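For reference, the structure is listed below as structure tokens.
Every read-out reported here was derived from the displayed coordinates using simple, explicitly stated rules and does not represent laboratory data. Nothing here was measured: the structure is a model prediction, and the numbers come from that model. Cβ coordinates were reconstructed from backbone atoms using ideal geometry, including for glycine residues, and neighbour counts include every protein chain displayed.
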Amino acid sequence: MEFQAFQAKEIKKLTSVRANEVKIGESILAGSDYLADLSNCPAAFVLIGIPEDIGPRANCGRGGADSAWLPFLGKFLNIQETPHIKGKDILLLGAFDFNSTASYNSNDLDTLRNLVNQLDELVSNLIEKVVKAEKTPIVIGGGHNNCYGIIKGISKAKAQKINVCNLDPHADYRSLEGRHSGNGFSYAKAEGYLNKYSILGLHENYNSAEMMARLEQDGVHFNTFERIFIREEISFNDAVSESFAFVLDADYGIELDLDSIENFPSSAQSPSGTTTQQARYFVHHLASSKNAIYLHLPEAAPSLVDGSAEQAGKLLAYLVSDFIKARK
């Protein structure tokens, strides 16, 4: 596993220049120019890709989460620059490369979980470096296993536990049975990196009674999808506000598992979920505070649905731009 910094010439290839328009890709900063010393970079936001699917496969799930990074780049670099979002405020740092990773395609759970452990350390170290340079990381692609490395890296950089708010049908709070995409938050909690954890939109059919009991025991705040949309005991907007209030007293991260969006091509695609507009509102609302310190968009898997790459990339670009606009 290696981290490859993005170069200006690669950005240029992906950016479609058009007369009388300015695209983000024309002014976004290239990672290769700043990776050695991020503190010299004037950008506030740092884009990082983790195109892997070992985490979901280590959780006995489907692959495909390695296929969202490039479609995202193709769309994001070609959105219009406006007074609300400018390329100079963003550093396209780069992405992890797994082409030479031994046993990447293994079906053995122990092997895959060992690889996730290795990835945890790489992600944690990189995120720690980004945050120590006083930048805001935005992480795209891969399984939800990478939440652990992000939380750990930020916690170490700030020398404190952090809060997290997650829009997700699954709590990802499984037992500490070896690392995978289903236990990033439980590991982060057990190891002292995660403080308050709020989950929005849990699907009651797909979270075990044992795990729900541990959520209650650990003081995790949650509202289920059924409570919001089926029994209508609370509105979606009020549930978002509840989650926001729960984490707002300290630095917090925003997690949006693409599994949460109805019919979105993801590792655990569902016919029942939030709308794209609700997902965008969630990101915008949570990002509106200065305490919002990162955005993580995992589990998109367009390779699992023929012809979905463009739309998947476009929605990811919307979510990232929503985050940046709200934070600014």
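Quick notes
- Here region 30-182 carries DSSP beta bridges of which approximately 10% are antiparallel, counting only pairs with both residues inside.
- Sequence-separation-based contact order of region 2-327, relative, with Cα cut under 8 Å and 6+ spacing, percent: 20
- Whole-Å distance, taken between Cα centres, linking region 153-169 and region 183-220: 13
- Cβ crowding within 10 Å, taken as a proxy for footprinting-reagent exposure, orders ASP259, ASP66 from fewest neighbours to most as ASP66, ASP259.
- Rounded tilt (10° steps) of 276-287 against the dominant C-alpha axis of the chain: 80
- Expected-Rg normalisation [2.2 N^0.38 Å, Cα atoms] applied to the chain: 0.92
- Per DSSP, loop trypsin sites (Lys or Arg not before Pro) in region 173-274 with at most 16 further Cβ within 10 Å: ARG231
- Listed residue (GLY253, ALA36, SER103) projecting farthest to the positive dipole end of the chain, Cβ model: ALA36
- Counted by neighbouring Cβ atoms within 10 Å, the residues CYS147, CYS165 run from fewest to most as CYS165, CYS147.
- If you plug the beta carbon distance of TYR206 and ASN117 into 1/(1 + (r/R0)^6) with R0 = 22 Å, you get a FRET efficiency near 0.30.
- For region 63-131 versus region 24-56, the gap between their alpha-carbon centres in whole angstrom: 10
- Diffusion of region 176-218 by Stokes-Einstein, at 25 °C in a medium of 0.890 mPa s and with Rh set to the Kirkwood radius over alpha-carbon pairs, works out to 215 µm²/s.
- Segment SER235-GLN277, length gained on full extension (0.36 nm per residue, minus Cα span): 13.7 nm
- Size of charge dipole - the chain - debye, nearest 20, with Cβ of Lys, Arg +1 and Asp, Glu -1, no other charges: 1020
- Relative contact order of region 216-302, defined on C-alpha pairs under 8 angstrom at six or more residues apart (%): 30
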